[in-house]
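Student: Right, I'll just put the structure down here and ask away after.
The values are calculated or read from the model by the stated rules, or taken from the named source; none is laboratory data. Computed from a predicted structure; not experimentally measured. Here the Cβ positions follow ideal geometry from the backbone for every residue, glycine too, while neighbour counts run over all protein chains shown. Just the protein is used for accessible areas: all its heavy atoms, side chains included, with ligands, DNA and RNA removed. Shrake-Rupley method; radii C 1.70, N 1.55, O 1.52, S 1.80 Å.
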Amino acid sequence: MRKSLYGEEGPPQSGNWEEHLRMLIDKAEAAGIWVMRNGIVGSNTHRPLSVSQFRGFAISDKVVPLIFINGKDAKAAQIFTFAHELAHIWLGESGVSNVELGDANHGAYQKVERKCNKIAAEFLIPAAGFPAQWRAADSLSDNADRLSRIYKVSRIVIVRRALDLGLIDQASYSRFYATEVARWSDTPASEGGSFHNNLPLCNGLRFTRAVVNQAVGGGLLLRHAASLLNAQPTAILSYHKNGRPAQ
């Protein structure tokens, strides 16, 4: 399963978290999975989605399987959420997720949620290669910094994986987790970005292209297309002109 997304070469060794997440989303959509990511309710910027309530969900539909990622979450955390929701699709089980890496069971009390967490961890950080890259002589922070850049996940996910594989003890992990959560709370969430980049991220690239092309081709009323994409009719035309419509 991992190889089907990453290819033979395994996880990328360069690029940032956003680039890595977009690569994963592109490959999932190419495989027929509809992926949406948004940090607000519809297009209402005054109604942000709460990370404390949910980080993502998956609808395991046989025709149109769907993954939704809470865009308000930290970027590196979104990658774990994506992998967790992808596991839901693989297992054929829909679910709403709120992974808590600080809890012994990741905050998951249902069997399927625990299994999805294990699959996500193995997908992002394979047990076969991770221990060899862990440097016992280095601090937790140094290991987390170095390996998070390699695997493109958050520092917490790296150290949690070390705990699960027996490379560190629970006390060390708990101290690191508390420090990391405090650091996250002091870091403001990034906002904004190009409209033409955000529209397909919020609605899914394939869906956005299909709706926009139908609208400009006369197969769908412009106002209906705008309603489907939570955008203004003029924005649909602007995206078609300046964005990246279907090839």
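Student: First measure r as the distance between the Cβ atoms of residue 172 and residue 75, then evaluate 1/(1 + (r/R0)^6) with R0 = 30 Å and state the FRET efficiency to the nearest 0.05. Don't jump to the answer; show the numbers that get you there.
Tutor: Details: r = 25 Å, r/R0 = 0.85.
Approximately 0.75, to the nearest 0.05.
Student: In terms of modelled amide H atoms, which long-range or inter-chain residues lie less than 5 Å from the amide H of residue 94?
Tutor: Counting only residues 5 or more places away or on other chains, the set is 60.
Student: If I take R0 = 30 Å and measure r between the Cβ atoms of residue 112 and residue 149 in this structure, what FRET efficiency does the formula 1/(1 + (r/R0)^6) give, to the nearest 0.05? Can you show the working numbers first?
Tutor: Values: r = 31 Å, r/R0 = 1.05.
Efficiency for this residue pair is about 0.45.
Student: When only the heavy atoms of the protein chains count and the probe is 1.4 Å, how do 34, 134 rank by accessible area, highest first? Intermediate values should be presented prior to the final figure.
Tutor: Working: 34 65, 134 30 Å².
Largest to smallest exposure gives the sequence 34, 134.
Student: Another one. In nm, give the distance between the simple-model label positions of residue 96 and residue 27, each being 7 Å from the Cα along the Cα-to-Cβ direction.
Tutor: 3.0
Student: Take each of the peptides 122-131, 152-161, average the number of other beta-carbon atoms within 10 Å over its residues, and list them starting from the highest.
Tutor: On the way: 122-131: 16.3, 152-161: 24.3.
Per-residue mean Cβ counts within 10 Å order the peptides as 152-161, 122-131.
Student: Straight-line reach from residue 111: which lysines have a Cα under 21 Å away, not including same-chain ones fewer than 8 places off?
Tutor: none
Student: So which lysines pass the test for residue 152, namely a Cα distance under 19 Å, with those fewer than 8 places away in the same chain ruled out?
Tutor: Leaving aside lysines fewer than 8 places away in the same chain, those within reach of residue 152 are 3, 27, 72, 75, 118.
Student: Can you figure out the FRET efficiency of residue 179 with residue 61, using R₀ = 30 Å and their beta-carbon distance, to the nearest 0.05?
Tutor: So, using R0 = 30 Å, E works out to roughly 0.15.
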